[in-house]
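Read the figures in this text as sums done on the coordinates, not as results from a lab. Since this is a predicted model, take the numbers as computed values, not measurements. Because the Cβ atoms are built from the backbone with ideal geometry, glycine has one as well, and the counts that use them run over all protein chains shown.
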Amino acid sequence: MQQTKTLHYVLAALGAAIIAVLAQLSIPLPFSPVPITGQTFAIGLVVTILGLRTGSLSVLLYILIGAAGAPVFSQMTGGLGIVVGPTGGYIVGFLPTAIIMGYYMNKLGYTYWHSLIANLIGMVVTLAFGTVWLKIAADLTWYKAFMGGVYPFIPLGIVKAALAAWLGIVVRNRLKSARLLSEVA
């Protein structure tokens, strides 16, 4: 039992580290206050691999580490100011995204198609949280918040969701075959 708990926490920490590393893949957009980042891909990948419990713990750990000031958010930023700033809604939305995705896959199965659907749902949840927050924090109209916080991210978001689903299922199946995931996810 203790070994299982330890493995659960180690995997959660590794998941948070994966999110932090992939968050640094960032492309600023001249027409949007929100950059294209690897964070959403990383969230989908980690939750697809680790499942509801461990994947959500990874995301929570990532958010807490970043809010505490470690430069783990995109463009090597961190701190509570980022979380409550105009793009903080995306970060806050990562946790409900992880929970909804993990719950969906736990109920319907860890297959590529279910993972793809879960990742697409996750993209919508993250974009919804981020856009509402962006509208309020930056005092934008709904149109400007949508055009700057959703519209430019849809095509690449679909690609990231498909890639996270495919790679996540491949890695998850290999970890299960190696008996590294059997009791924790």
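Going by C-beta contacts inside 10 Å, put 73, 146 in order with the fewest on the left.
Final ranking by Cβ density, sparse to dense: 146, 73.
Computed from label points 7 Å out along Cα-Cβ, the spacing between residue 144 and residue 179 is 5.9 nm. Neighbour counts of C-beta atoms inside 10 Å place 177, 32, 74 in the sequence 177, 32, 74, starting with the fewest. Cross-link reach is defined here as a Cα-Cα straight distance under 25 Å, omitting same-chain residues fewer than 8 places apart; for residue 144 the lysines meeting it are 135, 160. With contacts taken as Cα pairs under 8 Å and at least 6 residues apart, the chain reaches a relative contact order of 26 percent.
Between 143, 62, 104, the Gaussian network model of the chain with springs among Cα atoms under 10 angstrom shows the greatest mean-square fluctuation at 143. Among 133, 166, 113, a tally of other beta-carbon atoms within 10 Å of each Cβ gives an order, fewest to most, of 113, 166, 133. Highest GNM mean-square fluctuation among 105, 76, 123, for the chain modelled with Cα contacts below 10 Å: 76. Based on every Cα atom in the chain, Rg and the maximum pairwise Cα distance Dmax equal 15.9, 52 Å. Screening the chain for DSSP H helices whose Cα atoms reach 20 Å or more along their own axis and whose mean Kyte hydropathy is at least -1.0 gives 2-23, 39-67, 88-108, 112-137, 154-177. Using the alpha-carbon centroid of each, what span in Å lies between the stretch 118-156 and the stretch 43-90? Here the two parts' Cα centres lie 17 Å apart. So which lysines can residue 5 reach, going by Cα to Cα under 28 Å and dropping same-chain residues fewer than 8 places off? Candidates past the 8-residue exclusion: 107, 176.
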